[in-house]
Amino acid sequence: ADPAEAARGAARIHLTLLDDAAVDDVLERARGGMAAGVTIVDHTTTSAQGVLARIARWRERGITFVHAPVFMGPQNARESTGLMMVSGPRSVVDPLRDVLAPMTGKLIDLGERPDIAAAFKLLGNLFLICMTTGLAETLALAKALDVPPPQVAALFDQFNPGTTVAPRIKRMVDASFANPSWELAVARKDARLMLDAAAQAGVPLAVLPAIAARMDAVIAEGHGEDDWTVIAKDAVTQR
């Protein structure tokens, strides 16, 4: 109820809030109770720009701000499992290792760049969002094909698509799109079959139409016979 009172006497303040605005609001209200030299450790998923701004703002006030976002749900927090990421100058991160490590299953130090942990949290959450949406899209197509959801779920007892993540992202990062394991044109054909089945059953697909449009654009550029991971070619081109 009173952030200043909660912060009073603490050598370290940990935050897990909703967003940048909430972090800034709570910290400003807590400021009156902060002792000199206190360290703020924020576990909130926030913007990288917000992290940099808070580091600078609190440094001017003589207070250390560190961002340590997590891949941890409530159960992980209770059991000290999951992943926690941290980044920043060694003079800031090193003294915190022994207090952060017991809070999680694995503490990942991402180096000196102070906002890189924030960036990696967004990258990880993007993948989780896309993966979960992919599962929802799979269930939608299953509905169109009259396959019961429990049978769809049982597929993943035998088929583990997670094993394809590492080799596929390596292809993308290396821009190694020749010698395809799945040609883009063939993948696009499969997407057409899926879209047709959903349309015939009157079941809308939210994401596949956008993926198909991306495939069409890359095929139009002459990449139909490349591995379908070529859809990432623009993302791996140097800025």
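The values are calculated or read from the model by the stated rules, or taken from the named source; none is laboratory data. Just so you know, these numbers come straight off a predicted model, no measurement behind them. Cβ atoms come from the backbone with ideal geometry, glycine included; neighbour counts cover every protein chain shown. When the accessible area is computed, the model is the full protein with side chains, heavy atoms only, and any ligands, DNA or RNA have been set aside. Shrake-Rupley method; radii C 1.70, N 1.55, O 1.52, S 1.80 Å.
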> Which residues' amide hydrogens lie under 5 Å from the amide hydrogen of R113, considering only partners 5 or more residues apart or on another chain, with H built in the peptide plane?
Replying inline: G88
> Length gain on complete extension for the stretch A11 to V236, per 0.36 nm per residue less the alpha carbon to alpha carbon distance?
Replying inline: 76.7 nm
>> Can you tell me, using C-alpha contacts under 8 Å and at least 6 residues apart, the relative contact order of the range 1-65 as a whole percent?
In response: 37
>> If I stretch the segment between V147 and L52 completely, what's the gain in nm (0.36 nm per residue apart, minus their alpha carbon distance), one decimal?
In response: 29.3 nm
> So who's got an amide H within less than 5 Å of the one on R12, skipping anything under 5 residues away but keeping other chains? H placed 1.01 Å off N, in plane.
Replying inline: T39
> Counting GluC sites (Glu not before Pro) as exposed when in a DSSP loop with at most 14 other beta carbons within 10 Å, what is the longest stretch of the chain free of them?
Replying inline: 113-224
> What ³J(HN,Hα) values, in whole Hz, does the Karplus curve 6.51 cos²θ - 1.76 cosθ + 1.60 give for the range 227-238 when θ = phi - 60°, with x put for Gly and Pro?
Replying inline: 4, 5, 5, 4, 4, 8, 4, 5, 6, 9, 6, 4
>> For the chain, what does the relative contact order come out to in percent, with C-alpha contacts under 8 Å and a separation of six or more?
In response: 13
> So which lysines can K170 reach, going by Cα to Cα under 27 Å and dropping same-chain residues fewer than 8 places off?
Replying inline: K106, K121, K189, K233
> Could you give the angle, 0 to 90 degrees to the nearest 10, between helix 184-201's Cα long axis and the longest principal axis of the Cα atoms of the chain?
Replying inline: 90
>> Given bins 10 angstrom wide, list per bin the percent of all Cα-Cα distances in the chain, short to long.
In response: 7, 23, 26, 20, 16, 8, 1
> Accessible area per residue of the chain at 1.4 Å probe, in Å²?
Replying inline: 58
>> Using 0.36 nm times the number of residues separating A206 and R59, minus their current alpha carbon distance, what extension gain do you get?
In response: 48.4 nm
> Which percent of the accessible area of the range 122-167 is formed by carbon and sulfur heavy atoms (probe 1.4 angstrom)?
Replying inline: 73
> Ordered by residue, what ³J(HN,Hα) values in Hz, to whole numbers, does the range 146-155 give under the Karplus form 6.51 cos²θ - 1.76 cosθ + 1.60, where θ = phi - 60° and Gly and Pro are x?
Replying inline: 6, 9, x, x, x, 5, 5, 4, 5, 3
